[in-house]
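One structure is given here, and the rest of the page talks about it.
The values are calculated or read from the model by the stated rules, or taken from the named source; none is laboratory data. Every value quoted in this text rests on a predicted model; they were computed, and no experiment measured them. Every residue, glycine as well, gets a Cβ built from its backbone with ideal geometry; the counts of neighbours run over all protein chains shown.
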Amino acid sequence: MLQKSGFYKIAFMPIAIRHLGIGEILDQAVKLIKADFGVLFATTAVMLIPYDIASRFIVRDFIVAPPPNPTFGEMLAVLKGDFQILLARFGVIGCLILPLTNAALVHCISNRYLGQPCGLRQTLRYLFQRFFGLFGTWLLFLLVVTCGLVLCIVPGFLIVFRYGLSTQVVAVEGISGFAALQRSRNLIGGNVASLVILSAVLIFIGSSIHWSIDYIPNESLHTVGSALAGSIMTVLWSAVIVVFYFSCRCKMEQFDLELLARSVGDEVAISPVRGEDSVT
């Protein structure tokens, strides 16, 4: 019975689903990563790392430096070619590879957080089933953020934080499109400051890791190291935002009490069976 109930299984980890502070969110995220690091790293190894490494080598080899004393036309041609290469790399990663990898990680981490099984094959199957909902919601999110940035930089950043849980909503609740964005906005509520602080901490950690990798003298090793560091940061970022998502649900909807009610219901449903067995 304890293995069937997410609430009791989590108690063994030990991970508690409730409203958490900044430090507790980071601590829970690290515990979740430790619990399923193999599956999480395998997910990024299948979906993100190969393309990231290949695209980094392509960018490194095909980016053209301007000739000495270039004319305006030569400089314009070089910038145009380099821009197309960078746009292709970051466009594919930013609009397809990274959001889908993040969604797969969110699914796996959420299952672990709720005490449910999590595996690479199951995660990839889930991603295939929810592909259009995830991809469509992500494109809608980018469109809304872009419109906000065009109007003014500050509204654009506010939109990023207001709708920052849209992927988690799709992955956990199966809601997509405008409904996912609205759901994210409702969950964030008065928790924007916490999300800003968590984002700042994660950016600092990521910058520190990449700053350390810059000391690698070998260019090829530096490229591979940067891709691996990016993968690790993707896992960490996904875990932190998943814990933050459930923390928001506990604060706004008492999700922790709902889980407790479910676990008590399981206990009541199973105890008569045990009683019959003991009598027998």
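In summary, Lys34 fulfils each of the numbered conditions (1) modelled with pLDDT of 75 or more; (2) outside any helix (DSSP H, G or I); (3) surrounded by fewer than 16 Cβ atoms within 10 Å (Cβ to Cβ) with the single exception of condition (2). The criterion of being in contact with a Ser or Thr (Cβ under 8 Å, 6 or more places away or on another chain) and at pLDDT 80 or above does not hold for Ile53. Does Ser226 fit the bill of being closer than 20 Å to Ile97 by Cβ, touching a His at 6+ places or on another chain (Cβ under 7 Å) and among the polar types (S, T, N, Q)? So Ser226 passes the test.
Only residues that are buried (at least 24 other Cβ atoms within 10 Å of the Cβ) and modelled with pLDDT under 80 were counted across region 87-111, and they come to 0.
Selection within region 112-133: residues that are under 23 Å from Arg249 (Cα atoms) and surrounded by fewer than 15 Cβ atoms within 10 Å (Cβ to Cβ). The member of this set that is modelled with the highest pLDDT is Gln116. Annotation note: Cβ proximity below 7 Å between a residue of region 103-123 that is within 16 Å of Gln28 (Cα to Cα) and of a type in the set (D, E, K, R) and a residue that is in a helix (DSSP H, G or I) and modelled with pLDDT of 85 or more (sequence gap 6+ or interchain) occurs for Arg112/Leu32.
What do you reckon, is Ala227 touching a helix residue (DSSP H, G or I) at 6+ places or on another chain (Cβ under 8 Å) and either farther than 21 Å from Leu20 by Cα or at pLDDT 90 or above (or both)? In short, yes. Within region 190-224, the residues that satisfy the criterion of being in contact (Cβ under 8 Å) with a residue 40 or more places away in the chain and under 21 Å from Val235 (Cβ atoms) are Ser194, Leu195, Ile197, Leu198, Val201, Thr223, Val224.
A search for C-beta distances below 6 Å between a residue of region 160-181 that is closer than 15 Å to Leu143 by Cα and at pLDDT below 85 and any residue that is assigned to a loop (DSSP other than H, G, I, E, B) and aromatic (Phe, Trp, Tyr), counting only pairs 6+ apart in sequence or on different chains, returns nothing. Taking the conditions exactly as written (at pLDDT 75 or above, surrounded by 16 or more Cβ atoms within 10 Å (Cβ to Cβ) and part of a loop (DSSP other than H, G, I, E, B)), does Ile17 satisfy them or not? Criteria met by Ile17.
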